[in-house]
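Enquirer: Structure incoming, see below.
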Amino acid sequence: YLGRWYEIEKLPASFAKGKCIESNFDVRKDGTIQVINKQYKDKTRKVEGTMIIPDPREASKLGISFSYTPYSPYWVLSTDYTTVAVVYSCTDVLRIFHVEYAWILGRSRFLPAEATRYAQGLLLEEGVDLFKMRSTDQEFCKDE
């Protein structure tokens, strides 16, 4: 799962409103995973976070944290490691609001239609409302 993934579709998230959104995952010396998210909105913006594997017996259920926030669930529902990944997360905010996140990620900025349909089907099986999913603009993006 390490390396660069491009955001293809997602449930809307306040922290990801730009275009050319991508995430890069790399192992640190301490065994945690460095996460660098980039997006373009007026300028290129980067944020660094940390990902952990709380239980090695469930390596697809990760925890992710940005800027000293508590670790939130980051569950890789499916990936073939080379083309597509499907990720889900949910959290309760102050025990008042329940927030869901879901992403379809690709190793390239554009996925074949059948890969996107497959990923959407997995999210449907998990009860994710695809009506709320939005495509991420990956047109005219620069790779660094």
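The values are calculated or read from the model by the stated rules, or taken from the named source; none is laboratory data. Quantities reported herein were computed from a predicted structural model and do not represent experimental measurements. A quick note on method: Cβ atoms are made from the backbone with ideal geometry, for glycine too, and the neighbour counts reach across all protein chains shown.
Enquirer: Do the conditions hold for Val84, that is, is it modelled with pLDDT of 95 or more, within 23 Å of Gly18 (Cα to Cα), surrounded by 10 or more Cβ atoms within 10 Å (Cβ to Cβ) and not aromatic (Phe, Trp, Tyr)?
Expert: The answer is yes for Val84.
Enquirer: Please return the ranges of strands (runs of 3 or more DSSP E) entirely within region 61-115 where 1 or more residues are in contact with an Asp or Glu (Cβ under 6 Å, 6 or more places away or on another chain).
Expert: Result: 84-93, 97-106.
Enquirer: Okay, next question. From the set of residues in region 26-61 that are over 24 Å from Asp137 (Cα atoms) and charged (D, E, K, R), which is surrounded by the most Cβ atoms within 10 Å (Cβ to Cβ)?
Expert: Step one: list which residues in region 26-61 are over 24 Å from Asp137 (Cα atoms), which gives 26-34, 50-61.
Of the ones still in play, those that are also charged (D, E, K, R) are 26, 28-30, 55, 57-58, 61.
Numbers: Asp26: 12, Arg28: 10, Lys29: 5, Asp30: 7, Asp55: 10, Arg57: 7, Glu58: 10, Lys61: 14.
Top of the filtered list is Lys61.
Enquirer: Hey, could you check region 127-144 for residues that are part of a loop (DSSP other than H, G, I, E, B) and of a type in the set (S, T, N, Q) and say which is farthest from Ser89 (Cα to Cα)?
Expert: Gln138
Enquirer: Does region 1-16 hold any residues that are among the aromatic types (Phe, Trp, Tyr) and either part of a loop (DSSP other than H, G, I, E, B) or closer than 13 Å to Arg134 by Cα (or both), and which are they?
Expert: If the condition is that a residue be among the aromatic types (Phe, Trp, Tyr) and either part of a loop (DSSP other than H, G, I, E, B) or closer than 13 Å to Arg134 by Cα (or both), then Tyr1, Phe15 are the ones that fit.
Enquirer: Continuing with this model, one more query. When you go through (1) at pLDDT 95 or above; (2) surrounded by 14 or more Cβ atoms within 10 Å (Cβ to Cβ) one by one for Pro73, which number turns out not to apply?
Expert: Among (1) at pLDDT 95 or above; (2) surrounded by 14 or more Cβ atoms within 10 Å (Cβ to Cβ), Pro73 violates only (1).
Enquirer: Take the residues in region 95-114 that are of a type in the set (A, V, I, L, M, F, W, C) and surrounded by fewer than 17 Cβ atoms within 10 Å (Cβ to Cβ), then tell me which one is farthest from Glu9 (Cα to Cα).
Expert: Ile96
Enquirer: Of the residues Thr116, Thr44, Thr69, which single one is β-branched (Val, Ile, Thr) and under 16 Å from the mean Cα position of the chain (by Cα)?
Expert: The match here is Thr116.
Enquirer: Looking at this structure, is Thr79 within 14 Å of the chain's Cα centre (by Cα) and surrounded by 13 or more Cβ atoms within 10 Å (Cβ to Cβ)?
Expert: So Thr79 passes the test.
Enquirer: For residues in region 2-37 being at pLDDT below 95 and more than 21 Å from Thr91 (Cβ to Cβ), which is nearest to the chain's Cα centre (by Cα)?
Expert: Gly18
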